[in-house]
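The values are calculated or read from the model by the stated rules, or taken from the named source; none is laboratory data. Here the structure is a predicted model, which means the values were calculated and not measured. Backbone-built Cβ (ideal geometry, glycine too); neighbour counts: all protein chains shown. Surface areas here come from the heavy atoms of the whole protein model, side chains and all, with no ligands, DNA or RNA. Shrake-Rupley method; radii C 1.70, N 1.55, O 1.52, S 1.80 Å.
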Amino acid sequence: MDNKEEGLYPVIAIDGPSASGKGTLARRLAEHFGFAWLDTGLLYRAVGLAVLRAGKDPSDAAAAQAAAEALDPVAVTKGVDREALRSDEASMAASKVAAIPAVRAALLKFQRDFCLTPPEGKKGAVLDGRDIGTVVAPDATVKLFITAGAETRAARRFKELQERGQDATYAAVLADMQARDARDAERALAPTKPARDAVIVDTTSLDADQAFEACVGIASKALATGA
Ligand code: DC
């Protein structure tokens, strides 16, 4: 197939719950294959943060929709507000706005266009999120669902916060993560779940390099066959 003519480049869809390691894997896979990378969680975080900055409640559907429609996704991908977007406040607000259908609809086109025309002339795209394999790119060449036990994920996140010198307790990190994951997995629209044709990679007993090697193996095979 002439990819250029069809406007169809290979897409690697990576989904999974928070702190599963999917973001690091997505970045490394994109580097490995020379593809563009989009961390779609950042878009939801940016909407959540914009609602908070407007002094509104992230569960307020009208306020969240307005923020999503006003969002400049390119600025987000270029690093605007990167530190603020990483905060727990932004992540909790993101999980609330992400449950609002009009917000998801407003962010969909940008994500699909990223797959069709990856930036910087790249010949493929890696997207990570919760609904990439199910909704954003149901025809993705490779679909990975990265997961790990809740305690393992909370311990990884806790270690990360400690290394950044932030105040936190393991119990609070675990409770926050479980609340967020429950909301992401139980919402009616585009909940966190593996696509039927996703390969599930459980990283509970893998370190970052082992998880990366496993994913490169799966992705290389699928990219070679285009399946
Ligand atoms: O991956 P993350 O923690 O940065 O995501 C932030 C929130 O956005 C998370 O609660 C789930 C939501 N999200 C989503 O609903 N769909 C996506 N494709 C990506 C993120």
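Looking only at residues of the range 127-144 that are within 8 Å of the ligand (Cβ to nearest atom) and among the charged types (D, E, K, R), we find that the one that is nearest to LYS96 (Cα to Cα) is ARG130. Can you find, within the range 127-147, the residue that is surrounded by the most Cβ atoms within 10 Å (Cβ to Cβ) among those that are of a type outside the set (D, E, K, R) and closer than 20 Å to ARG86 by Cβ? Among those residues, the one meeting the criterion is GLY129. Selection of the range 109-126 for residues being more than 8 Å from the ligand (Cβ to nearest atom) and open to solvent by less than 40 Å² (accessible area, probe 1.4 Å) yields PHE114, CYS115, PRO118, GLY124, ALA125, VAL126. Whenever a residue of the range 181-204 is open to solvent by 30 Å² or more (accessible area, probe 1.4 Å), its partners that are assigned to a loop (DSSP other than H, G, I, E, B), lying with C-beta atoms within less than 6 angstrom and at least six residues away or across chains, give the pairs ALA185/PRO191; ALA185/THR192; ILE200/PRO194; THR204/ALA148; THR204/GLY149. For the range 44-52, the count of residues that are open to solvent by less than 30 Å² (accessible area, probe 1.4 Å) and within 25 Å of SER220 (Cα to Cα) is zero. Criterion applied to ALA68, ALA63, ALA13 was being small (Gly, Ala, Ser) and either within 14 Å of the chain's Cα centre (by Cα) or open to solvent by 30 Å² or more (accessible area, probe 1.4 Å) (or both), and the one residue passing it is ALA13.
Going by what's in this entry, would GLU83 be described as of a type outside the set (A, V, I, L, M) and touching a helix residue (DSSP H, G or I) at 6+ places or on another chain (Cβ under 9 Å)? It is false that GLU83 is of a type outside the set (A, V, I, L, M) and touching a helix residue (DSSP H, G or I) at 6+ places or on another chain (Cβ under 9 Å). The one condition from (1) over 15 Å from the mean Cα position of the chain (by Cα); (2) at pLDDT below 90; (3) not small (Gly, Ala, Ser) that THR141 does not meet is (2). Residues in the range 20-40 that are within 15 Å of ARG157 (Cα to Cα), surrounded by fewer than 24 Cβ atoms within 10 Å (Cβ to Cβ) and within 10 Å of the ligand (Cβ to nearest atom): GLY23 only. Taken over the range 28-57, the criterion of being under 11 Å from the mean Cα position of the chain (by Cα) and either of a type in the set (A, V, I, L, M, F, W, C) or not in a strand (DSSP E or B) (or both) is satisfied by TRP37, LEU38, THR40, GLY41, LEU42, LEU43, TYR44, ARG45. For residues that are within 20 Å of VAL199 (Cα to Cα) and crowded, with 21+ Cβ neighbours inside 10 Å, scanning just the range 148-167, find the one that is nearest to the ligand (Cβ to nearest atom). This residue is ARG153.
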